[in-house]
Amino acid sequence: MMQAYREPTHLFPAIRGIQAGREYYVAMCPMKIIPKIFIFDDEELRTELRAQRTLNRARVPEIARYLVENADSYIFSALTASVDEQVEFKPAGNEDGNSNVGHLAISMSARILINDGQHRRAAIEEALKSRPELGRESIAVVFFVDAGLERAQQMFADLNTHAVRPSLSIGILYDHRDPLADLVRDLSVSVSIFDGRIELEKTTISNRSTKLFTLSALYQATEELLERARLLRRSDAEIALQARARATAFWSRLAEVIPEWRLLLAGKVSAAELRTDYVHAHGVALQALGRAGGALLQAAPETWSERLAVLERVDWRRTNSTLWEGRALVDGRVSKAHRNVLLTTTAIKRVLDVELTDDEAMIEAALTTAPGAESDLIPSETV
C-alpha cells in the first residue's frame, strides 16, 4: 500500500543513487507539470546571487519548434534540479527499505530550482500551448537536495565545465532531419574529389591528414551554392532532386577544371601538399566557390559548365600574395572569417564575369583601391 504523506506532495516514480556521498534521485515527470513546479532563478537578482545564468529567450522558440515539429521522434535529455527542503523516498516492494527503486515525495511548498535545462523547460511550456497532448509524455529529472546557494552555483559550474558541444561536422553526419545534411553526406561519397577525402567528425584538419575538406565546410559551401542558385527548397522534393543533380554536377566539374584537384585524383599529389601550397584546398575557398558558383548557375543556367573552365588559369598558390593576401589570407595565414569569404568570392566572380552583390561590390572596392592591390586576377601564363 502506498504511504500516506502528511502534507500535499508531488509524487514521482524514481530511482535513488549516491554521488559524492549524497543521495540524489532520477524521476520521471509528466511534461504538463514541468512549467508549474520548476522555477527559474530570479532574473532581477545580481548575477552573483543567482545559481543559474539568465534565460536567453531567443533560444526558446527554436527549441519549442523542434519539439512540436518532431513530436513523434524528439529527444530531450534530463533536467537537473535542486529542492530547497528535505524530500522523502519510499522504496518499493522491499520491506527492509534497501531498494533503490520507489517513489519520491516532494512537498508542494518546496522551491524546485533548475540547475541545468532552463531552456528546455521554457520550450516545453511554449510547446504545450500548441501541442497540449505532449503533456502526457514525460521527461527525466535528476533531483538533488539543495545545500544552499554556493552548492547550487557549484553544481551549475560543474555541469557546464565538462560539457562539450559536438562538432559541426559530426552534427551534420548524424542529422537525418535536415535534407541538406542528407545531400551533403551523399556528395561526400558520390563526387570523386570528395570520396574518402572528407573529415566527417572534426571541423579542423591536421597537417598530415589525408582529408581535403571537413563535412561542415562542404555543407556551408553547398548551402551557398544552392541558395545563390535559388535551388534550395528543402520542403520541395522535386526541386530537391534538381538541387542534388546540380550540386553533384558543379562539384564534379570543378574537379575537372582545377589542375591540382586533377592531380589529387590521379594520385600525383597528396591532400596535405595541397593544403600547404594552395588556397583552393581550404574551406574559405570552397565556400567562396560555392557562393560564386551559385551566382553563375543562376546567371547562366545553360552555359555555367563551360564558363567554369576559366578557373583553370587562376594562380591558386598561397605564395601568390598579390592576389590572395587580404582575401583568403591574412598575414600569410588562411582565414575563414566572413569578410575573407566575401573577398575570395569577389575574386572568383570577377574571373567568371559574374555580377557582384551590393555587399560584395562594397568590400571589393575598399580592397582594390587600397595601395598595392592586385591588378590582374589571371596571370598571362598558367603556372
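The values are calculated or read from the model by the stated rules, or taken from the named source; none is laboratory data. Note that the coordinates shown come from a computational prediction; the quantities given were computed from them, not determined experimentally. Note that we place each Cβ from the backbone using ideal geometry, even for glycine, and neighbour counts take in every protein chain shown.
Tell me, yes or no, whether the range 1-14 has at least one residue that is within 26 Å of Arg136 (Cβ to Cβ) and either in contact with a Phe, Trp or Tyr (Cβ under 6 Å, 6 or more places away or on another chain) or at pLDDT 95 or above (or both). Looking through the range 1-14, at least one residue is within 26 Å of Arg136 (Cβ to Cβ) and either in contact with a Phe, Trp or Tyr (Cβ under 6 Å, 6 or more places away or on another chain) or at pLDDT 95 or above (or both).
Among residues of the range 298-314 that are β-branched (Val, Ile, Thr), those with a beta-carbon under 8 Å from a residue that is assigned to a loop (DSSP other than H, G, I, E, B) at least six positions away or on a different chain give the pairs Val310/Ile378; Val314/Leu377; Val314/Ile378.
Residues of the range 175-232 being touching a Ser or Thr at 6+ places or on another chain (Cβ under 8 Å), in a loop (DSSP other than H, G, I, E, B) and surrounded by 15 or more Cβ atoms within 10 Å (Cβ to Cβ), which ones? Scanning the range 175-232 gives Val191, Ser192, Ile193, Phe194, Arg197, Leu200, Lys202, Thr203, Ile205. Among the criteria (1) among the aliphatic types (A, V, I, L, M); (2) touching a residue at least 60 places away in the same chain (Cβ under 8 Å); (3) in a loop (DSSP other than H, G, I, E, B), the one Ile75 does not fulfil is (2).
I need the full set of residues from the range 292-328 which are among the charged types (D, E, K, R) and within 21 Å of Thr204 (Cα to Cα), in order please. Working first, answer last.
Our first condition is that a residue be among the charged types (D, E, K, R); within the range 292-328, this holds for 302, 306-307, 312-313, 315, 317-318, 325, 327.
Hits for the range 292-328 are Arg317, Arg318, Arg327.
Considering only residues in the range 110-144 that are touching a Lys or Arg at 6+ places or on another chain (Cβ under 7 Å) and of a type in the set (A, V, I, L, M), the one that is surrounded by the fewest Cβ atoms within 10 Å (Cβ to Cβ) turns out to be Leu128. Of all the criteria given as (1) touching a residue at least 12 places away in the same chain (Cβ under 8 Å); (2) under 16 Å from Ala181 (Cβ atoms), the one not satisfied by Arg233 is (1). Residue check: Ile239 meets all listed conditions (1) closer than 20 Å to Ser188 by Cβ; (2) in a helix (DSSP H, G or I) but one, namely (1).
Could you tell me which of the residues Ala288, Ala300, Ala292, Ala272 is out of contact with any helix residue (DSSP H, G or I) (no Cβ under 7 Å at 6 or more places or on another chain) and of a type in the set (A, V, I, L, M, F, W, C)?
Numbers: Ala288 fails: out of contact with any helix residue (DSSP H, G or I) (no Cβ under 7 Å at 6 or more places or on another chain); Ala300 fails: out of contact with any helix residue (DSSP H, G or I) (no Cβ under 7 Å at 6 or more places or on another chain); Ala292 fails: out of contact with any helix residue (DSSP H, G or I) (no Cβ under 7 Å at 6 or more places or on another chain).
Within the list Ala288, Ala300, Ala292, Ala272, the selection yields Ala272.
A single entry from Ala122, Ala110, Ala127 fulfils the requirement of being of a type outside the set (Lys, Arg), modelled with pLDDT of 95 or more and assigned by TED's automatic domain parsing to the domain that holds Pro35: Ala127.
Tell me, which residue of the range 343-382 that is outside any loop (DSSP other than H, G, I, E, B) and of a type in the set (Ser, Thr, Tyr) is modelled with the lowest pLDDT? It comes out as Thr368.
Where residues in the range 318-342 are assigned to a loop (DSSP other than H, G, I, E, B) and of a type in the set (A, V, I, L, M), which of them is farthest from Leu254 (Cα to Cα)? Ranking the qualifying residues of the range 318-342, first place goes to Ala337.
Taken over the range 58-109, the criterion of being over 15 Å from Tyr25 (Cβ atoms), among the aliphatic types (A, V, I, L, M) and surrounded by fewer than 16 Cβ atoms within 10 Å (Cβ to Cβ) is satisfied by Ala58, Ala71, Ile75, Met108.
Number of residues in the range 315-336 that are in contact (Cβ under 8 Å) with a residue 40 or more places away in the chain and small (Gly, Ala, Ser) equals 3.
Scoring Glu256 on the criteria (1) part of a helix (DSSP H, G or I); (2) in contact (Cβ under 8 Å) with a residue 24 or more places away in the chain leaves a single failure, condition (2).
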